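The values are calculated or read from the model by the stated rules, or taken from the named source; none is laboratory data. The shown structure was predicted, so the numbers you read here are calculated from the model rather than taken from an experiment. When we count neighbours, we look across all protein chains shown, and the Cβ atoms used for this are built from the backbone with ideal geometry, even at glycine. All accessible areas refer to the heavy atoms of the entire protein, side chains included, with ligands and DNA or RNA removed. Shrake-Rupley method; radii C 1.70, N 1.55, O 1.52, S 1.80 Å.
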Amino acid sequence: MYVAVKGGEAAIRNAHRLLADRRRGDRMVPAISLEQIVGQLALAVDRVMTEGSLYDRELAALAIKQARGDMIEAIFLLRAYRTTLPRFGYSQPINTGGMLVERRVSATYKDLPGGQLLGPTFDYTHRLLDPSLATDDEPEAPESRPQEDETMLRVSEILAHEGLIEGDGAMPEDHEIGDITREPLEFPMERDTRLQALSRGDEGFLLALGYSTQRGYARNHPFAGEIRIGEVEIEIDVPELDFPVSLGRIRVTECQMVNQFKGSAKAPPQFTRGYGLVFGQSERKAMAMALCDRALRARELGEDIIAPAQDEEFVISHSDNVQATGFVEHLKLPHYVDFQAELDLVRRMRREFEKRQTGDDERKEAAE
Amino acid sequence: MSTETIARYNFAYLDEQTKRMIRRAILKGIAIPGYQVPFASREMPMPYGWGTGGVQVTASVIGPGDVLKVIDQGADDTTNAVSIRAFFQKVAEIAVTTHTGEATIIQTRHRIPEKPLQEGQILVYQVPIPEPLRFLEPRETETRKMHALEEYGLMHVKLYEDIAKHGHIATTYAYPVKVEGRYVMDPSPTPKFDNPKMHMSPALQLFGAGREKRIYAIPPYTRVESLDFEDHPFEIQKFDQPCALCGGTDVYLDEVILDDRGGRMFVCSDTDHCEERREAGHTGHMSEEAAQ
Amino acid sequence: MSFHGKSIEGGFRQPVFDAQATFRAVMEALARPGTIQKSLAAARPPAPLTPEAGAVALTLCDHDTPIWLDPPLQAEEAVRAWLAFHTGAPIVTNPSDAHFAFVSYPATLISLDNFAQGTQDYPDRSATLVLQVETLANGPAIALEGPGIRTTARLAPSPMPRHFAEQWVQNRARFPRGIDLVLVAREGVAALPRTTRITAEE
């Protein structure tokens, strides 16, 4: 006698209990607090905010804790929360020219107004494991100096003075800035929505694609014109007031790639731009995004589309790790109904094949 | 940091603005049967590929008077069906059932119930890849043109190549259909066994593809024809034995492996249908009654 | 910015459930052309916008859906203020920019091809017209065929736009492009999606 398997509900309930237990880990060890995650795993928090498209450190920390440190799972948690939030309005574009800069480096000039500012970077650290971090040793307090008043000129503006770089990506007069979280994607995309998609795109995927352009798959001669990290003001227009209201400050990383360009039928020889902007401190992502942005402008600049990084439908359709992970992992779900249909087909084709084989053999024997 | 300020969700999960957007897409889908309406799919609290499209459609349609049934592979007790049903019980506090006849809304993955649907019922399909032409042409820009121009030659060529190579069409599920003589449509990965049930169904059929951001629909009493050729007419899979539990024929069967010596049995994939038949006294050769 | 008390009154009593019930009525009406769905929730908009048309507006319109109003509705400041307050939908004067059109006097409506028909690539980018009619069942009858209808259905809406049958044949010929009609009256809501064919007139 056969009894069909039941008890899906109990199985799920028990799996979730076990998950909660494993998440908590050893009960003798204190549970990690959100403050600790925000303060001490700050770059993980930044990545989750960027790809989760929601600037909220506490929620990102909660997501990381809930996801047991699985970054894509944390990003997913944050996105699924974000999507339910009411939309009150759109802020003004942030002005990174007015940034309170903590780090700013340019690879295109030895020195420049405002100077090179290393900031809290892993660059030039020797990647030797540091045993002192295994204990609670207090590090030294950092050096600091008062912020200079002058705003830090962007490298792109220096080149723009000479007319050697293209304009700052002006959209047509009547163009309304899109919102990929509110409207379905439509190909070909404009640069505004494409940049939005890249900004929330998977860091690893964009890194690999950016890397591929450096290795010759759509080489675009990039220079890191400038990378800056710091805080910018978020301002919003309120209909009743004739001045914008500040909502607060957020930390962002901006990368302006400067790319050599020989000119084409559509554009004169000049430097062109690739742009990257992400929440928090994430240079790798901002740089990869800038490389991909430049590669994806091939159509606009009249370049031949020959490499994956230039293929907008390919890149944008596959850059979202929440979508990708869901669809890859859905293969875990039962597919036995379709598999049954395939089993039947393969069995049938197999029988036909064998019949043909024996038929052939008999014919052969008959001929001999 | 206080935990009350952290994370709250709306009734039925989706906010009203999102529901309006999805509802408008559903109405367009009904007005243009088989056409895939783009919609601004939201992140849902379950992964893409696990029914987010169907869940969004159901969440936008469902109301306090509805009775919901959720199936995966035809069964009410598969884990993902259990999970989605629990989601709606939690966020919308609606009545649920496993009985096809009692449900006003049935959300499904991979099957259409065996019991014929009625007027007033809504069948919501979870769709992974809504574009029937996707595996012939990966580009959205191209497939959109093909639908616009009603240029479906490529699909016929593909099916005919199957016939040339294998002697018959080698597509067993997600078998393409033509809706009301116009749009070629993907019925979602249901086995082609279920295709005929879509034709002139009294129920409203809604399709949601969350990751791919498309909604489409088949109104009740709409022509749905499986693509075929005069010399190779469409035919469904036939099982050479009845259900081992209820003795049902003309139903879709799951193959259940009983031991490691090749022992197997075939049982209804539609668990509710099978139970109803057994309650009505039907038996199969491996049912309890037969064992006694 | 000024709005009088009238514009903030008259919304749904239970926005979530009223919108859901009204949506289901409109969806059923479109899915089964010829049927009259009665489960619209009550809205109380300023005249000449009717409670039924108001309910449809509250259910389907928002910032993302420009609205066109026929001249009698357009002329009424209170109607515009009510729609603005409750839906946030921009009101447009060019009919081809509208996602929804609300029509208080169908008999004098401009011809249907003035409204957005969608494109061959995106036939969904078309307008839905909401016509306030006096009756759905007691006017001159039309027989209907097409998706959603088992054999034939019958509807008797009145008043309808001028030369409606001819206009509808043209609308049908544009398929998959074309507009969809939602008809509202005291009796409830009925609809004619672009797929419906009018096969006979009384």
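If you check A:Glu231, A:Glu254 for being modelled with pLDDT of 95 or more, crowded, with 19+ Cβ neighbours inside 10 Å and not in a helix (DSSP H, G or I), only one passes: A:Glu254. The criterion of at least 2 residues that are within 14 Å of chain C (Cβ to nearest Cβ) and either under 19 Å from the mean Cα position of the chain (by Cα) or of a type in the set (Asp, Glu) (or both) is met by the following strands (runs of 3 or more DSSP E) wholly inside region B:195-292: B:204-209, B:214-218, B:224-226.
Scanning region A:30-87 for residues that are assigned to a helix (DSSP H, G or I) and among the charged types (D, E, K, R) turns up A:Glu35, A:Asp46, A:Arg47, A:Glu51, A:Arg57, A:Glu58, A:Lys65, A:Glu73, A:Arg79, A:Arg82.
If only residues of region A:20-51 that are out of contact with any strand residue (DSSP E or B) (no Cβ under 8 Å at 6 or more places or on another chain) and in contact (Cβ under 8 Å) with a residue 40 or more places away in the chain are counted, the one that is most open to solvent (accessible area, probe 1.4 Å) is A:Arg22. Checking region C:141-150 against the condition returns a match, with at least one residue being under 24 Å from C:Phe23 (Cα atoms), without any contact (Cβ under 8 Å) to a residue 40 or more places away in the chain and among the basic types (Lys, Arg).
Determine whether A:Val315 is in contact with a Cys (Cβ under 7 Å, 6 or more places away or on another chain), in contact (Cβ under 8 Å) with a residue 24 or more places away in the chain and under 27 Å from B:Ile129 (Cα atoms). Taking the combined requirement at face value, the residue satisfies it. Considering C:Arg177, C:Arg186, C:Arg194, the condition of being closer than 17 Å to C:Ala29 by Cβ, of a type in the set (D, E, K, R) and crowded, with 17+ Cβ neighbours inside 10 Å is satisfied by C:Arg194 alone.
Are any residues in region B:171-194 assigned to a loop (DSSP other than H, G, I, E, B) and open to solvent by 30 Å² or more (accessible area, probe 1.4 Å), and if so, which ones? Within region B:171-194, B:Glu180, B:Gly181 meet the criteria. Every condition in (1) touching a helix residue (DSSP H, G or I) at 6+ places or on another chain (Cβ under 8 Å); (2) of a type in the set (Asp, Glu); (3) surrounded by 17 or more Cβ atoms within 10 Å (Cβ to Cβ) is met by C:Asp113 except one, and the failing one is (3). Here is the figure for region A:311-358: residues that are open to solvent by less than 70 Å² (accessible area, probe 1.4 Å), assigned to a helix (DSSP H, G or I), more than 9 Å from chain B (Cβ to nearest Cβ) and not polar (S, T, N, Q) total 3. Can you find a residue in region B:129-144 that is without any contact (Cβ under 8 Å) to a residue 12 or more places away in the chain, more than 14 Å from chain C (Cβ to nearest Cβ), more than 15 Å from B:Met185 (Cα to Cα) and over 15 Å from the mean Cα position of the chain (by Cα)? Yes - at least one qualifying residue is present in region B:129-144. Restricting region A:82-121 to residues that are aromatic (Phe, Trp, Tyr) and farther than 23 Å from A:Pro222 by Cβ leaves a set whose member that is surrounded by the most Cβ atoms within 10 Å (Cβ to Cβ) is A:Tyr90.
Looking across region B:228-256, the residues that are in contact with a strand residue (DSSP E or B) (Cβ under 6 Å, 6 or more places away or on another chain) and surrounded by fewer than 20 Cβ atoms within 10 Å (Cβ to Cβ) come down to B:Phe234, B:Phe239, B:Gln241, B:Glu255, B:Val256. Determine, yes or no, whether B:Ser60 is within 8 Å of chain A (Cβ to nearest Cβ) and either farther than 30 Å from A:Gly178 by Cβ or of a type outside the set (Asp, Glu) (or both). It is false that B:Ser60 is within 8 Å of chain A (Cβ to nearest Cβ) and either farther than 30 Å from A:Gly178 by Cβ or of a type outside the set (Asp, Glu) (or both).
Filtering region B:83-126 to residues that are among the aromatic types (Phe, Trp, Tyr) and either within 13 Å of chain A (Cβ to nearest Cβ) or under 14 Å from the mean Cα position of the chain (by Cα) (or both) leaves B:Phe87, B:Tyr125. Looking only at region C:58-81, residues that are open to solvent by 10 Å² or more (accessible area, probe 1.4 Å) and in contact with a Lys or Arg (Cβ under 6 Å, 6 or more places away or on another chain) come to 1 in all. The criterion of at least 3 residues that are more than 30 Å from B:Ala203 (Cβ to Cβ) is met by the following strands (runs of 3 or more DSSP E) wholly inside region C:79-168: C:100-103. Restricting attention to region B:276-292, and to residues there that are touching a residue at least 12 places away in the same chain (Cβ under 8 Å) and out of contact with any Phe, Trp or Tyr (no Cβ under 7 Å at 6 or more places or on another chain), which single residue is most open to solvent (accessible area, probe 1.4 Å)? Taking the candidates together, the pick is B:His285.
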